[in-house]
Structure formats: structure tokens, C-alpha cells
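Colleague: Okay, here's the structure, questions in a sec.
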Amino acid sequence: MPPAGGPVWGAASTDLNATLLEWPAGNGPAEHVNEERDVLYVVLTGSLTLTEDGESRELGAGEATIVEKGSRRRLLAGPDGVRYLTAHIRRGGLEIKRL
């Protein structure tokens, strides 16, 4: 069974997280909402369909977009799969909060 896809590389600095992801055709991360960070997506190879708050658009190699925090998003790899880079302000570590 071929791999389902996902992260293949990642790096972080004090301020920034970057992740390289690969997905085979018809696959991608589950629909989700990032409530904390805007995210930059840069398609390196292949293509994907980005559905943001119910509106879909195609992104191909060399194209980039920013998805704002609070937007519901779904990414689905095109017929040749996709390889894309994401970048966003680094999230802080887990914090224990007193109630």
C-alpha cells in the first residue's frame, strides 16, 4: 500500500515554522481550522485544490497563497500529486493554564 503522504521535512527558528509536505493524487490533510496562525502555502511540484471556507481554487507549481487564521481549509492533491511548503509564525510550547 503506498504511503498516505504528509510531512517529509520540517525546520523551526525562534520565530518561524516551515514544513515540506507531499501527498499522492487525491490525498491531503483533513479539513481543519487553524485558529492561531496565518499560513503561507507554496506549491513546488504538482497541483492541489484548496477549499477555503467553501470556495475552491486550483494552485499549481510556482503558485503561493496565504490562508488567514480562522479559515476552514482543505487541501487535495491533483492528478500528479503535490509537494508544497508551508510557513507560519512559530507556535509556542504547550502551556499549563490555571483555571
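The values are calculated or read from the model by the stated rules, or taken from the named source; none is laboratory data. The model shown is predicted, which means the values in this text are computed figures rather than measured ones. Cβ sites come from the backbone with ideal geometry, for glycine too, and all protein chains shown count toward neighbours.
Colleague: Take Thr51 and tell me if it is touching a Pro at 6+ places or on another chain (Cβ under 6 Å), modelled with pLDDT of 95 or more, polar (S, T, N, Q) and assigned to a strand (DSSP E or B). If you could, list the steps in order and put the result at the bottom.
Modeller: Numbers: touching a Pro at 6+ places or on another chain (Cβ under 6 Å): no; modelled with pLDDT of 95 or more: yes; polar (S, T, N, Q): yes; assigned to a strand (DSSP E or B): yes.
Against the criterion (touching a Pro at 6+ places or on another chain (Cβ under 6 Å), modelled with pLDDT of 95 or more, polar (S, T, N, Q) and assigned to a strand (DSSP E or B)), Thr51 does not qualify.
Colleague: Taking His88 as meeting all but one of (1) over 20 Å from Trp9 (Cα atoms); (2) assigned to a strand (DSSP E or B), write down the number of the exception.
Modeller: His88 satisfies all of (1) over 20 Å from Trp9 (Cα atoms); (2) assigned to a strand (DSSP E or B) except (1).
Colleague: Which ones in the stretch 7-17 are surrounded by 11 or more Cβ atoms within 10 Å (Cβ to Cβ) and not hydrophobic (A, V, I, L, M, F, W, C)?
Modeller: Kept after step one, since they are surrounded by 11 or more Cβ atoms within 10 Å (Cβ to Cβ), are these residues of the stretch 7-17: 7-8, 10, 12, 16-17.
Correct list: Pro7, Gly10, Asn17.
Colleague: On to the next question. Looking at Leu20, Leu75, Leu44, Leu59, which one is in a strand (DSSP E or B), surrounded by 11 or more Cβ atoms within 10 Å (Cβ to Cβ), modelled with pLDDT of 95 or more and in contact with a Lys or Arg (Cβ under 6 Å, 6 or more places away or on another chain)? Explain how you work it out, then say what you get.
Modeller: Numbers: Leu20 fails: in contact with a Lys or Arg (Cβ under 6 Å, 6 or more places away or on another chain); Leu75 fails: in contact with a Lys or Arg (Cβ under 6 Å, 6 or more places away or on another chain); Leu59 fails: in contact with a Lys or Arg (Cβ under 6 Å, 6 or more places away or on another chain).
Result: Leu44 is the single residue among Leu20, Leu75, Leu44, Leu59 that is in a strand (DSSP E or B), surrounded by 11 or more Cβ atoms within 10 Å (Cβ to Cβ), modelled with pLDDT of 95 or more and in contact with a Lys or Arg (Cβ under 6 Å, 6 or more places away or on another chain).
Colleague: In addition: Among the listed residues Gly70, Gly10, identify the single one that is at pLDDT 95 or above, in a strand (DSSP E or B) and not β-branched (Val, Ile, Thr). Spell out how you get there, then give the answer.
Modeller: Details: Gly70 fails: in a strand (DSSP E or B).
Residue meeting the stated conditions: Gly10.
Colleague: Looking only at residues that are in a loop (DSSP other than H, G, I, E, B) and among the aliphatic types (A, V, I, L, M) in the stretch 23-41, which one is surrounded by the fewest Cβ atoms within 10 Å (Cβ to Cβ)? So that I can check it myself, show each step before the final result.
Modeller: In the first step, residues of the stretch 23-41 are kept if they are in a loop (DSSP other than H, G, I, E, B); the result is 24-31, 34-38.
The next check asks that each one be among the aliphatic types (A, V, I, L, M); those that pass are 25, 30.
Working: Ala25: 14, Ala30: 6.
Filtering the stretch 23-41 for residues that are in a loop (DSSP other than H, G, I, E, B) and among the aliphatic types (A, V, I, L, M), the one surrounded by the fewest Cβ atoms within 10 Å (Cβ to Cβ) comes out as Ala30.
Colleague: If you check every pair at least six apart or on different chains, which have Cβ atoms under 7 Å apart with a residue in the stretch 15-34 that is closer than 12 Å to Thr49 by Cβ first and a residue that is among the small types (Gly, Ala, Ser) and modelled with pLDDT of 95 or more second?
Modeller: Trp23/Ala77; Trp23/Gly81; Ala25/Ala77; Ala25/Gly78; Ala25/Gly81; Gly26/Ala77; Asn27/Ala77; Gly28/Ala77
Colleague: Of a type in the set (S, T, N, Q) and either touching a Cys at 6+ places or on another chain (Cβ under 7 Å) or modelled with pLDDT of 95 or more (or both) - does that describe any residue in the stretch 86-94?
Modeller: Filtering the stretch 86-94 for residues of a type in the set (S, T, N, Q) gives 86.
Now drop any that are not either touching a Cys at 6+ places or on another chain (Cβ under 7 Å) or modelled with pLDDT of 95 or more (or both), which leaves 86.
Yes.
Colleague: Does Ala61 fit the bill of being touching a residue at least 60 places away in the same chain (Cβ under 8 Å) and farther than 25 Å from Asp15 by Cβ? Don't jump to the end; show me each part of the working.
Modeller: Working: touching a residue at least 60 places away in the same chain (Cβ under 8 Å): no; farther than 25 Å from Asp15 by Cβ: yes.
So Ala61 does not fit the description; no.
Colleague: Just to be sure before I move on: is Asp38 of a type outside the set (A, V, I, L, M, F, W, C), in contact with a strand residue (DSSP E or B) (Cβ under 8 Å, 6 or more places away or on another chain), at pLDDT 95 or above and at positive phi in the structure I sent?
Modeller: Values: of a type outside the set (A, V, I, L, M, F, W, C): yes; in contact with a strand residue (DSSP E or B) (Cβ under 8 Å, 6 or more places away or on another chain): yes; at pLDDT 95 or above: yes; at positive phi: no.
When the stated conditions are applied, Asp38 does not pass them.
Colleague: For the stretch 7-39, enumerate the residues that are among the small types (Gly, Ala, Ser) and under 22 Å from Gly70 (Cα atoms). Outline the logic, then answer.
Modeller: Let us first name the residues in the stretch 7-39 that are among the small types (Gly, Ala, Ser), namely 10-13, 18, 25-26, 28, 30.
Hits for the stretch 7-39 are Ala18, Gly28, Ala30.
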